[in-house]
Amino acid sequence: MESRLRAGVAAYNAGYHHAAHDAWEEYWLDLERGTDDERLLHGLIQFTAAVHHARGRNWEGAVGLAESAGEYLADLSEDYRDVNVGTARSFLATLAADPEVIERRRPPKLRVEGRAVELADLDVDAVWIAAPLLAEAIEGFDEAVVERAVRYAREDLDAGDEGSKYVTFLLDFVGDAENRGIIYQRLGQHVDRRRSREQDVEGLFD
């Protein structure tokens, strides 16, 4: 859960609300309903959606989600799972009462262990989750290319290749927003070459 939690927090803090939702949703769906972890992720998913709708000036949607998210987070400790749940809960109450507050001040960043986790802070396990979600969220990137790069990176690490170029490119793709375009271009070139080599030997013994 830790990697998914951090990946979603970093995506939210970078403004990619739907990517944050996707980082949490798959894991959340498998949790037993009503457990603390389930309520945390359910609440955070709705928290990000409430912020998204408020920014789009969908006041009714923002209010409904803020109220619902607050209910899911209500009984959790202020720092459950080292997340600043209390801060999120307080903002949700404000948003539910006055959704236009979003136009006067920014929503709070989510923090883990006291730190506002950014995309550049993610370790490789969280990057495997975040990279395809960013590719899907940002125009001009192909999620399938990034997913294949993640597979190659995992294969390289499993084979003991600690210097895998796919690992390096994926860490940079997630963490270096300013150069993300050129990083993706170079990553795509390496993926195409490796895929071409794979295709050269596919079906030889069929």
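The values are calculated or read from the model by the stated rules, or taken from the named source; none is laboratory data. Remember, predicted model here, so these are calculated numbers, not experimental data. Positions of Cβ are generated from backbone atoms using ideal geometry, with glycine treated the same way; all protein chains shown enter the neighbour counts. Note: accessible area is taken over every heavy atom of the protein model, side chains too, but ligands, DNA and RNA are not part of it. Shrake-Rupley method; radii C 1.70, N 1.55, O 1.52, S 1.80 Å.
When Cα Rg over 2.2 N^0.38 Å is computed from the coordinates, the matching label among (1) 1.06; (2) 1.15; (3) 1.75 is (2). Computed over protein heavy atoms with a 1.4 Å probe, the accessible surface of the stretch 84-206 works out to 56 Å² per residue. The modelled label-to-label distance for the pair E118/R151, using points 7 Å beyond Cα in the direction of Cβ, is 3.3 nm.
Figure legend: label point modelled 7 angstrom from the Cα of R55 along Cα→Cβ; residues of the stretch 18-39 with amide N under 11 Å from it are 18-20. Local charge sum around R104 (other residues, Cβ-Cβ under 15 Å, Lys/Arg +1, Asp/Glu -1)? Summing Lys/Arg as +1 and Asp/Glu as -1 gives +1. The residues packed around A62, meaning those with a beta-carbon under 13 Å from its beta-carbon, carry a net charge of -3 if Lys and Arg are +1 and Asp and Glu are -1.
Looking at the square roots a ≥ b ≥ c of the eigenvalues of the Cα gyration tensor of the stretch 1-54, which shape do they give, rounded for a/c under 1.5, prolate if a/b is larger than b/c, or oblate? Kindly include the intermediate steps, with their values, before the conclusion.
Numbers: a/c = 2.31, a/b = 1.46, b/c = 1.58.
Oblate, since a/c reaches 1.5 and b/c is not below a/b.
Taking trypsin sites (Lys or Arg not before Pro) as exposed when their DSSP state is a loop state and no more than 10 other Cβ atoms lie within 10 Å, the longest site-free interval of the chain runs over 106-206. Looking at the stretch 30-132, the GluC sites (Glu not before Pro) that sit in a DSSP loop and have at most 16 other Cβ atoms within 10 Å of their own Cβ are E32, E78, E113, E118. Per-residue Karplus couplings for the stretch 193-198, computed as 6.51 cos²θ - 1.76 cosθ + 1.60 with θ equal to phi - 60°, are listed in order as 5, 5, 5, 5, 5, 4 Hz, Gly and Pro entered as x. As a length-normalised measure over Cα pairs under 8 Å and 6 or more apart, the relative contact order of the chain settles at 19 percent.
Taking amide H as placed 1.01 Å from N in the peptide plane, the amide H of V83 sits under 5 Å from that of E113, each at least 5 places away or on another chain. Derived scalar couplings between HN and Hα for the stretch 43-54 equal x, 5, 4, 6, 4, 5, 5, 4, 4, 4, 5, 5 Hz in order, rounded to whole Hz, by the Karplus curve 6.51 cos²θ - 1.76 cosθ + 1.60 (θ = phi - 60°), x for Gly and Pro. Each helix, a run of at least 4 DSSP H residues, gives -39500 (n - 2.57); summed and divided by the residues of the chain, these come to -21500 deg cm²/dmol at 222 nm. Set the Förster radius R0 to 41 Å, insert the Cβ-Cβ distance between R186 and A97 as r into 1/(1 + (r/R0)^6), and round the FRET efficiency to 0.05. According to the calculation, E is roughly 0.25. Principal-axis analysis of the Cα atoms of the chain puts helix 165-175 at an angle of about 20° to the longest axis.
Proximity of backbone amide H atoms, modeled 1.01 Å from N, is registered between A177 and no other residue at under 5 Å, excluding neighbours fewer than 5 places apart on the same chain.
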